1. Just the Cα atoms of chain A: what Rg and Dmax do they give in Å?
2. Have a look at the DSSP beta bridges in chain C and tell me what percent are antiparallel, nearest 5.
3. HN-Hα J couplings of region B:17-24 from phi, Karplus 6.51/-1.76/1.60, θ = phi - 60°, integer Hz, Gly and Pro as x?
4. Sum -39500 (n - 2.57) across every DSSP H segment of at least 4 residues in chain A, then divide by the residue count to get the 222 nm mean residue ellipticity, nearest 500.
5. Enter the Cα centre distance for the pair region A:259-326 and region B:108-132, rounded to the nearest angstrom.
6. If you add up the charges near B:Ile222, with Lys and Arg at +1 and Asp and Glu at -1, over every other residue whose beta carbon is less than 14 angstrom from its beta carbon, what do you get?
7. List the residues, sorted by chain then number, that are 5 or more residues from A:Ile80 or on another chain and whose placed amide H is less than 5 Å from its amide H.
8. List the residues, sorted by chain then number, that are 5 or more residues from C:Gly237 or on another chain and whose placed amide H is less than 5 Å from its amide H.
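Nothing in this text is a laboratory measurement; each read-out follows from the coordinates by a stated rule. What you see is a predicted model; the values in this text were computed from it and never measured. Neighbour counts run over all protein chains shown; Cβ positions are idealised from the backbone, glycine included.
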Amino acid sequence: MDQNQFFGARQPIRLDELAARIESVLSRPDVGDRMVEAIAPIYRAGPYDICYILSKNNIEALQTCRAAAIICAPALKSYIPSDVPALVSEAPQWAFARAAALLYPAAMRPQRELSRQPGISPQAEIDETALIEKSVEISPFAVIGARAVIGAGTRILSGAVIGADVKIGRNSTIGSHVSVSHALLGNNVIIHPGVRIGQDGFGYAPSPTGMVKLPQIGRVIIQDYVEIGANSTIDRGAMDDTVIGEGTKIDNLVQIGHNVQIGRHCGIVSQAGVAGSTKIGDGVMIGGQTGINGHIEIGSGAQIAGKSGVMTSVPAGARIGGTQQGQSGTI
Amino acid sequence: MDQNQFFGARQPIRLDELAARIESVLSRPDVGDRMVEAIAPIYRAGPYDICYILSKNNIEALQTCRAAAIICAPALKSYIPSDVPALVSEAPQWAFARAAALLYPAAMRPQRELSRQPGISPQAEIDETALIEKSVEISPFAVIGARAVIGAGTRILSGAVIGADVKIGRNSTIGSHVSVSHALLGNNVIIHPGVRIGQDGFGYAPSPTGMVKLPQIGRVIIQDYVEIGANSTIDRGAMDDTVIGEGTKIDNLVQIGHNVQIGRHCGIVSQAGVAGSTKIGDGVMIGGQTGINGHIEIGSGAQIAGKSGVMTSVPAGARIGGTQQGQSGTI
Amino acid sequence: MDQNQFFGARQPIRLDELAARIESVLSRPDVGDRMVEAIAPIYRAGPYDICYILSKNNIEALQTCRAAAIICAPALKSYIPSDVPALVSEAPQWAFARAAALLYPAAMRPQRELSRQPGISPQAEIDETALIEKSVEISPFAVIGARAVIGAGTRILSGAVIGADVKIGRNSTIGSHVSVSHALLGNNVIIHPGVRIGQDGFGYAPSPTGMVKLPQIGRVIIQDYVEIGANSTIDRGAMDDTVIGEGTKIDNLVQIGHNVQIGRHCGIVSQAGVAGSTKIGDGVMIGGQTGINGHIEIGSGAQIAGKSGVMTSVPAGARIGGTQQGQSGTI
């Protein structure tokens, strides 16, 4: 059975055209008219497949590889058998990602479930005061709240709930069962199923009769090209805003507390958590299950290993891991 | 742009009236007729805003503060410039929370998405045997199961699913996409979006052909004034009940296992987990990402730092952190 | 109030018939005609209840136990008062689980909310190209996508969203608000509320302008008798498949990354995470909040304690715990 059955018929593309579009040099121009239609891992790539190598780890597999072409960095080109076309790129991961995006456009954002024409489902509930731009898709049982604005080309999947006054930019995708409130989202944002954006932060004042709720009146700002993984939670600010910067990618089951400000192009892996009011710079990488304390700063470019506990501020460019000893996290 | 655009027009209140309602002493009775309409952090509070200070950290900001009034404890009053009115309170955090609740009543519980009159959506599916009291709000695509009881003033948001025989008290709020089954909920409970209450605990018996499911026949009991954060999961008891005591606040992505009994006025921070059959006293604070083993007891008033691993029982009032060495958690 | 109110009237069964069906020996054949109708913990079991003991811990409770019968291993039989019938089993946990399954069939899988006859709700949205076998139940506001196949006896609960081309076997149960895409599910699978199956894995290529999305074109394969707990997330493969083997049980809030392959009859406790491309053998037990690094192998029968961090491969049968020192997880 076709392992890629969910992405349907591909549009074949000529190898030389592909080379141009992924900014790579084709080692064998004589086969530029070969048609390519899929990607595959090196060990099972066939004559219509593109594959890639990033290191010498797969040299053995190379000897029997029957791929249409192999993407690689210049330093690895000599390891590829001379009869197999190489697509030589200074940025082979990027080139492969770009090739895959060309061949599988439907995998670039979550898709509608139903086979009927795209558009606005009569089974969705859309407030009469909402502003829906052209070419928006809204699936069944989605709810669009009062005065919400949905930009052109944005797709709202089944059962998603968009709260009152929320604004979503263009060409964004809101997965099924997502709830969004008290938030402004940019363009080309992808929110995967079950994400919660804009609910109350965890704020209470002590009192003799228990904790008293501190109303949370801030917002969530999600900038362009952000992607947020399934079932993650992004709380709105207490008085200011929670901000996720442009191009930042967040994995599944991640918690972002109120007032957290995250810079551009960060990566935050599954089940990590960032406590309230912490500021994170640009290009920060945070491993899975790592916890970041509240009210600290993580400098740009810092890399924090998985399962770490970070209690105090981290300078820009630092590479750290583990749980800091002798210190307790805030509770 | 107004950072608090999601909470609409406020009802201004006189400063002297506010002082009385938050049980504070106004240092300048001559300005008691000033109108207050918002809260703000000290660094950007304007002439209609209330702000607060809890320590001397913000003394510098005080010098230029143009707030309508600043809430503070008696010991900090002397740091406030004499022309700025102080609202002096023995419980400044409580006083600020109370002021915010007066100014932003809509922030005290999740709100409906749609602009039409509150009530029961014709798009909801309500079993004919369910008992819905007066002034209940039910949003589109919610499901109310057989014989369920929903108390007066309770709000069920879009797509929430209330299982058969579930009882929910009065003035409670069930967020969008919440599922509740096998549970009794009290009054003034707030359940944020995506919470799962009442599904099977994780119970299996070993057998030669793999794990055999142990039916879970207990319930979940959630007492008054409990608040549960987005995407948290509360399993029902195996044979007895899982209990969340009055006033306890649970953050996002928290796991509460079957038969866990949690006392009153506890706070459990994001991504913490409590394994099955553990008993937690009153007023216990548990930090984020902390794991509590099963079948142990945490005494009242204990404080457990974030990212801890607690393998054995903890005495009342203890303050602990870190992962206990030389011991393995149950698996 | 009956603590088991949610499971309704039971069908009483004769004690001797029960003994036969749970492959146990009844110590007092003279009372074989007693009727049994419930299970209970030993401290409150009454004359119509079955209870069980696994160790000598409850010997004191035994002295006053009024249960209809007590399930125990042969070695514990002598501790049971002679007038109380024992059901002696070589596998007492299994025998108790089997008895409970007989007495509470409704607790073996999530139930419909509504009281009307089972069947396909007119409020569900089912693509005209989907193939729905006989005796399928579909609750309100569920969505069944294009060309999806749902096997006989399968139950799709309220608001669940089944994506295009997904295939689900027979007698499986999909909980409320679950989303499934790019996946094949077997028979007798149970998916609890809020689970996310088949969304994109976390894959990006670095580039000078930030991370570039690597399309994820694999699938999720879930074999027979798998159970997955509330709000867990199972990402689809990047190019190959993510696989959950037969009979494996996964608890709540667990993350399974792309390309992970899990064997048969494993148990994975709440809030654990398995990073991409890791292979896990058969019968592996993983404790709560444990993180397993990517691209490693966990041998069959390994047992990993809760809150562990596993950075390198683990041999079959190993029993380990804690976080490996001197090593950073992949980020």
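1. According to the Cα coordinates of chain A, Rg and Dmax are 23.2, 82 Å.
2. Details: 6 of 72 bridges.
Of all bridge pairs located within chain C, approximately 10 percent are antiparallel.
3. 5, 4, 3, 5, 6, 10, 6, 10
4. Roughly -2000 deg cm²/dmol at 222 nm, from the helical runs in chain A.
5. 41 Å
6. +2
7. none
8. Those qualifying (amide H under 5 Å, at least 5 residues apart or on another chain) are C:Gly218, C:Arg219, C:Val220, C:Thr242, C:Asn259.
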